[in-house]
Structures are given as C-alpha cells and as structure tokens.
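Remarks on the structure that follows.
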Amino acid sequence: MSSIPTHETDTTRPAVATSCPPQSVLIIDDDPNIREVIARIIDQPKRTILHAANATEAELTLSTESIDLCLVDISLPDGNGIDIVNRVRDAHPLTRSILITGDATTERAVDAIRAGAVDFITKPLDNDDLSTRVTDALRRQHKAFRRDQRLDRLRTLCKQLNKARHEITQQVDILCNDLVIAYQELANQMQSMEITSDLRADLQGELDLEQVIRRTLEFIVNRVGPTNAVLFLPNPGGGFTVGGYVNYSHDKQSHKVYTDQIATHIAPLIAETEGVVHFESDQLHDWLDADNRWLENSEVIAAPCRDEDGEVLASLMLDRDVNEPFDPEHVDLIEAMAPLLADHLIKVISIHHRLSDLFDDEEDGDILPF
C-alpha cells in the first residue's frame, strides 16, 4: 500500500478565474485514503477528480473519459508508474502526467521526464506545492490543447480555401488573388506550427543541454541545407559565448577567430532585436556599424530566443555566401524555432535546478550534466 505523509500547510487555495475551462484529473494510487487526501488538496471549481486504484482501472478510465492530467504513484499493485506515464503519452497525447514518488533519485527523476511526465513530486507531499504544480500542469495542458485545435482549424481552412480557389479561378481573377494571399498566410501559419511540432518531438524528453544544442543545429541543417549555424548562450559576465556551431565554409585556422568575433560583436546585436532579422552583405554593414569582414559577402538570418518576460536565453544565427541565398521559408523556420527553443531551455533549467535542490546533499553528487 502507498503511504504519503503530508506537510500541513495553509490549504486555502486562490480563487479560480471564472474563465477557467472545465478540467479533469485522474488520481492513480492503490490507497483510497491517499487518493482522498490528494483530491481534497487539488479540488477546485470546474475541476473533476476521478480515482483509480491500479493500472487496469486507470486504463479503463482513460478509454472512457477525457482526462487532462494524471497523478500517478510510482508503485502500483499491477504496474510501475513510469510505465503508465509512458502509455498515457503514447495513447493519449493531450493528457499530461505527474509522477509521485517517495524514493527520489536522479535516475528515477530523469526516467519520469523522458517517459513523458511533465513534472515529478516527492513525498512527503506539501499541500501548497502539490496544488501549485497541478494548476501549472493543467494550464500548460490547456495551452497545448488550444494549439492543436488551432492547427486543425488551419488545416480545414486551407483545404476549403484551396477548393474555393480552384472553383473561382476562371471566374473572378481579383477574388482569386485575394484567396491566394489568404491561403498563403494560413499555409505559412500551419507550416510554422508543424515546424514547432517537429522540433518539439525532436527535443521531447531531452534534458542534456549539449544534446539540446546538437539536436537544434541538426534540425536547422536538415531543413536549410549546408550553412554556417551558431547557437549563442549568455554567460555570467553579461556577454555571450558559443554554445554550439556548424562550420560549413570556414577553414580550421580561421574558424576559432570567426566564432570568437561573432560572439563578441554580433551576438549582443541579435539579443537587442525584437524578432528574426534577415540581411544581405550590403545591409550587414549598416547593421553592424563596425568591421564586418567575417561576414563579408554573406547573407545572415538571426533571432533571439526569449522567454515570456523578454529575457534572452539563447540566440540563433545562420550565414552563408550571397551566391547561395536563403529562401523565405528559412526565415520563417528560424522565427518559428526561436520561442520553442526558449521554452525548452526554460524546462531544462527548471529541471536542473530542481534536481540540484533535491540531490545537492547526496554523497556521490551525481547530478545531470548541464
């Protein structure tokens, strides 16, 4: 049987905004008393709480009910909590999971996140902490649900507009042109959302910063083709350093100087921009307002990766010879990637800090490499 002692804290919960959508939470634990305790802590208006005593009951509920969030105990009579999280992720992609464990280890925490859990909570539970984490997970689930709804609507609109365009092309040229523009705008939005979906899948469960950078640069090269690509990271001194790069056109002798120069002179300029920038060689001179010999006869795409507060967590820059120009789709690619990469870096930083807080007293000091 599970045993979850809780810290008694102020159980007064903040009022829920009237605009909050209906939400459903499935508590999976073999101890009915524990389920009742958790249900009392997280109960809020418009929130339905369901119970399952084991993996079998959980799967039956998931097959018949629309569940937004699962709270899964690590040990169940007929299964392992991490296995359940994995199955929920594969069979119910819009359902989020939080793992509850009384035996917190680095390996178990990483396994939970890689299995698809959006968070993990250690016992004994703190009432306020549990309520906050559940509310945050449901907020992110609702945001993802609305994003998928929007993508479905865009697909439907594109099909309808494409059909209408073919039907009226021979009749009304002006109207057809308007529809083409509208169709292209919607198609661009859909492409942007599909790009972020692909990159999100590529980074799913990856918590190692070096691997995140490597996968991001590989994703860019696979979409753009041969190009110099650099990902800058802020350093404690207020400047920027090169977190990772792809060298396409520079020789080995000059490449180190090249990366040092752009980290010093160009990364801060990218951090000051509000969005993606695209410059050819003659435009670069005005933008840099300095010696730009390292980007002479080059075309550049760059963008800062900002969080919701506007803080720059990283910057991306692509450059290659003006005789191999970038396509407009490449500019859209970087524009779509920048906020998603910022979101994933926030997750990496958050998990790193949580693991550091959990395990900084362990003798072996075995913390994830960031």
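So which residues in segment 224-246 are at pLDDT below 90 and either not small (Gly, Ala, Ser) or not assigned by TED's automatic domain parsing to the domain that holds Gln261 (or both)? Passing the criteria: Asn235, Pro236.
Residues that are modelled with pLDDT of 85 or more, over 30 Å from Pro93 (Cα atoms) and hydroxyl-bearing (Ser, Thr, Tyr) are absent from segment 203-223 altogether. Evaluating Asn177 against the criteria (1) within 30 Å of Phe145 (Cα to Cα); (2) modelled with pLDDT under 80; (3) not β-branched (Val, Ile, Thr) leaves one unmet condition, (1). Among the residues of segment 106-128, those that are touching a residue at least 60 places away in the same chain (Cβ under 8 Å) and outside any loop (DSSP other than H, G, I, E, B) comprise Thr106, Ala109, Val110, Ile113, Arg114, Ala115, Thr122, Leu125, Asp126, Asn127, Asp128. Confirm whether Ile74 is hydrophobic (A, V, I, L, M, F, W, C) and either over 26 Å from Asn127 (Cβ atoms) or within 23 Å of the chain's Cα centre (by Cα) (or both). No: the conditions fail for Ile74. When each of Ile28, Ile49, Ile41, Ile4 is tested for being in contact with a Leu (Cβ under 6 Å, 6 or more places away or on another chain), under 22 Å from Asp129 (Cβ atoms) and modelled with pLDDT of 90 or more, the lone residue that passes is Ile41.
Of all residues in segment 68-126, those satisfying the criterion of being at pLDDT below 85 and basic (Lys, Arg) are Arg108, Arg114, Lys123.
Could you tell me whether Thr135 is out of contact with any strand residue (DSSP E or B) (no Cβ under 6 Å at 6 or more places or on another chain) and not assigned by TED's automatic domain parsing to the domain that holds Asp90? Against the criterion (out of contact with any strand residue (DSSP E or B) (no Cβ under 6 Å at 6 or more places or on another chain) and not assigned by TED's automatic domain parsing to the domain that holds Asp90), Thr135 does not qualify.
The values are calculated or read from the model by the stated rules, or taken from the named source; none is laboratory data. Everything quoted here is computed from the prediction, not taken from an experiment. We place every Cβ from the backbone using ideal geometry, glycine too, and count neighbours over all the protein chains shown.
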